[in-house]
1. Anything in the range A:153-163 that is of a type outside the set (Val, Ile, Thr) and either in contact with a strand residue (DSSP E or B) (Cβ under 7 Å, 6 or more places away or on another chain) or not assigned by TED's automatic domain parsing to the domain that holds A:THR190 (or both)? List them, or say none.
2. I'm trying to understand the selection: among the residues of the range B:284-336, which are of a type in the set (A, V, I, L, M, F, W, C), assigned to a helix (DSSP H, G or I) and within 18 Å of the chain's Cα centre (by Cα)?
3. May I ask you to list the residues in the range B:269-283 that are in a helix (DSSP H, G or I) and either not acidic (Asp, Glu) or not assigned by TED's automatic domain parsing to the domain that holds B:ALA243 (or both)?
4. Pick from B:VAL52, B:VAL12, B:VAL87, B:VAL83: which is among the aliphatic types (A, V, I, L, M), in contact with a Gly (Cβ under 6 Å, 6 or more places away or on another chain) and assigned to a helix (DSSP H, G or I)?
5. Of everything in the range B:62-83, what is more than 7 Å from every other protein chain (Cβ to nearest Cβ) and more than 23 Å from B:VAL446 (Cα to Cα)? Give them in sequence order.
6. Go over the candidates A:ARG366, A:ARG334, A:ARG338 one by one and state the one that is of a type in the set (Lys, Arg) and either buried (at least 24 other Cβ atoms within 10 Å of the Cβ) or touching a Pro at 6+ places or on another chain (Cβ under 8 Å) (or both).
7. B:PRO32 fails exactly one of the following numbered conditions: (1) open to solvent by 50 Å² or more (accessible area, probe 1.4 Å); (2) within 7 Å of another protein chain (Cβ to nearest Cβ); (3) over 43 Å from the mean Cα position of the chain (by Cα). What is the number of that condition?
8. Condition (residue is farther than 29 Å from B:GLU313 by Cβ and open to solvent by less than 10 Å² (accessible area, probe 1.4 Å)) applied to the range A:211-225: is it met by at least one residue?
Amino acid sequence: MTVNPQPGGRASSAPIMGHETEPTLFEMSVPSRSAYQLRTTGVLATALGDLVPVAHLNHEVVAVAEVSERDLVAHFTRLSHRQFSVDLGMYPLGSCTMKYNPKFCDAVAGDPGLNAVHPGAPASLSQGWLEIMVTLEEKLCVITGMSAATLQPAAGAAGELTGLLLMRAYHQANGEVRRRVLIPDSAHGTNPASVTLGGYEVTTVPSNGRGLVDLDALKAALGSDVAGIMLTNPNTVGLFEEEISEIAAAVHDVGGLLYYDGANLNAILGAVRPGDMGFDIVHMNLHKTFATPHGGGGPGAGPVAVASRLVEFLPGPRATRASDGSFEWVTPARSIGRVHGWNGNSLVLARALAYIDVHGGDGLTRVAQHAVLNANWLRRRLHEILPAAYDRVCMHECTLSASGLKAKYGVRALDVAKALLDEGFHSPTVYFPLIVDEALMFEPTETESVQTLEALAQALERIAQRAHDDPEPLHHAPQSTPVSRVDEARAARRLIATADAER
Amino acid sequence: MADYLPHTTNDVEAMLQFLGMDSLDDLFAHIPAAVRLTSGLNLSEGLSEPDVAAIFAGYTAANKAKATAMTCFAGGGAYDHEVPAVVKALANRSEFVTAYTPYQPEVAQGVLQAIFEYQTLVSRLSGLPIPNASLYDGATALVEALNMAHGATGRSKMVISSGIHPHWRQVARTFARGTGHEIVEVPLRDGVTGWSSVDVSHAAAVVAGYPNYLGVLEDLTSAKSLAVEHDALFIVGADPVAAGVLKTAGQWGADVFVGEGQAFGTALSFGGPYLGLFACTEAQVRRLPGRIVGETVDSSGRRAFVTTLRAREQDIRREKATSNVCTNQTLMAVTAAIQLGWLGTYGLREIATRCAQGAHYLFEQLMRLEGVEAVSTQPFFREFALRLSKPASEVIALMAEREVLAGLAVDALSGGPDPSVEDGIDRVLLVTVTERRTKDEIDHYVTSLQEALQR
């Protein structure tokens, strides 16, 4: 197959005016300069000292910054030019699902009819919001094959912890004290961290030579003290756990529950559902699967859907359809309680519903198909220079290994990742999952064209050629970016977390 | 049929051919048939954007309480502040909106520097030197602070003033199911925490609100003394807008500051995404939850920023991490830095002052009405609680007919009786005034409340 590598998703033409340091807001500050303008209210301007006891007043002025609106705009615009983004180019970060975020969904969330509603407004005055929540919950349950969901968790990790508390409440209601939760050695770090906060101990289950859960080892680890297992499927290597039914049966046999980490749900939309695989609790990362933007590290949203036997424990209050067709808040009978200050990351939820509505069932199915197609095409295209850790059909992402480049030329996965920045692509995820040596995990996503994939492949070929010809400069890549490799050790040795810190 | 997929039919065919496959289904052939979904997803057909917009127009029409249609006097941690065009324009820049967590610092200096500036502002507003890069919201920030207190002391008893927002306390109780923390809630008397009514011995944390959720300005001296006496961490949940003029958490002696940062540039948004503010003392830095950005240099000696002290975090420390937080609320943190930059030193003081002026003006008017009394005789800042002659929820419904969102019914927040209110909690209304409320709007509030109580 010959593909013209037109740079659809390649960002190497992005204009950069120079490589100087941008001053901080505080360095730009000039006394008495200001940008703010406030409404004329007609309220009498009583002195604060007449309203509040003097003992409460801060006699020092808390300095913010004093800049003009023009300087404010220039500063944050220049900062934005020092930032890679999905809108700028391909962002093949494995496990992170950096697909294109439709602008329409942002427009939906930007409507004051949604974003100017106070979260404490009574249900009768916020019926539209409750309907959005009920509708989204119903659709997420169709997609995952579950019975009901909470929309409160603000991110995937918050969903995990919520799921573990649901697990705990379920076992407690059955009069059982269970101590351990099983986790594969390929799991995301949030899984074990959440297990600890959920009051459980982690038992790690090894992977087998095919990159999947070792079923015999899993069975050996099971016992009546096991509360459940947390699994990502497809797993973090990008492979489908083909023995999922056997795993589910074994865990259920000892009275444990199956938790589905939905980080990779985007791979299986319309193809297979967690509920049909035997999962009891499912979290979804709406910012991954349903393309709500990541915001430089958040906000996300991590709804948790459950099987019928767990519905009564869900966090509350939940938006619910009343018998008269209106919507109301209801807290389940044995709810674990609230897991968010208000109703969850509502505007993220609205974006996800808009995304689902645009795609429909067929569109979501195509999303998964094309994501898997792209990952497999890239895996196959690259297998001579960066072979897959497990060379067979993968799902939405492929885990490749730079161990060959390292052995032959001393070029590590990190060097490849950094050199790719000079080629106009964001790096893949590196050194994860931990079970793969010199891992480079690529998740091209369904929104990149085959021309972009070809351009990425050719960029990686050039890097491999450079490794062969003259590897030394690769250790100093990137060079075309706003800054070169940063001294992480220095940052950690002497923490400078604010402009006021001692230097 | 609408979507955002670039592949043509020819592309798909050629790509499948490259893989030696006949159809897209072949890509899923290794999934056992027993679990395959064969019927397709039972969802409606895909719609065009304009068609979906029409559906959403129905939702927005049904949101009668939107601040564009109803004057907002509701607060409780979610405030109707001015967000100017310039802040919206900058915060909506797609370079910020569509970026990922800054794992590759060479191409993420924009977000990293904006977070560094945000951290500086959180540090100044809290009076504490070590901020983090943000948490989900105020409530979950409190939970992280409690976990920090457990890590610092090895103890599990958390003594929390019921002047902390009821939702925050509810969230703390939920997560205590997993951590095993004992949550002791201290009742309020006349709107002020009655610290002497509980046993603080063996506590990991003493937690106070400033102002507390009923708006009352409490003297935190005794709370701090208790924490010191019992070697517990002193955690202050403070209103960051008030911090523009009031004593900072650090000045009250806090070890940890937590707060809700929605007021800095984020719309009411029906509760999220909001912004969890967090800062602590140097002594707690190794127990800090979530990310922190630090300043360093690149290989040519240029200033650069990078996420640091990573060894605390879940992706490295796994089950021994200080927190499970991965995704946080970066975009809201960046927004807060922009909004604070717009406000500047004196704009922040000005909005804090105007909130207090408006709230006190409204309060004085209301005190003249029959059927209205103050829940507390103590000084307040920008929010206050009233005990009415009618259930608060009923009054809210009546005043909505006059296009006023009257406030929050405290029993709806607490879900029933609560140690923060001694009696008649169903009649307690929490009212706030921001710098956006005009004298005319405040006067209209007074007439509407009077009318509602007489109806």
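The values are calculated or read from the model by the stated rules, or taken from the named source; none is laboratory data. These numbers were taken from a predicted model, which means no experiment stands behind them. Don't worry about glycine lacking a Cβ; one is built from the backbone with ideal geometry, like all the others, and counts go over all protein chains shown. Note: areas computed on protein heavy atoms with side chains; ligands, DNA, RNA excluded. Shrake-Rupley method; radii C 1.70, N 1.55, O 1.52, S 1.80 Å.
1. A:PRO153, A:GLY156, A:GLY159, A:GLU160, A:GLY163, listed by residue number.
2. B:LEU331, B:MET332, B:ALA333, B:VAL334, B:ALA336
3. B:SER269, B:PHE270, B:GLY271, B:ALA283 - these are the residues of the range B:269-283 that are in a helix (DSSP H, G or I) and either not acidic (Asp, Glu) or not assigned by TED's automatic domain parsing to the domain that holds B:ALA243 (or both).
4. B:VAL87
5. B:VAL83
6. Result of the check over A:ARG366, A:ARG334, A:ARG338: A:ARG338.
7. Evaluating B:PRO32 over (1) open to solvent by 50 Å² or more (accessible area, probe 1.4 Å); (2) within 7 Å of another protein chain (Cβ to nearest Cβ); (3) over 43 Å from the mean Cα position of the chain (by Cα) leaves (1) as the failure.
8. no
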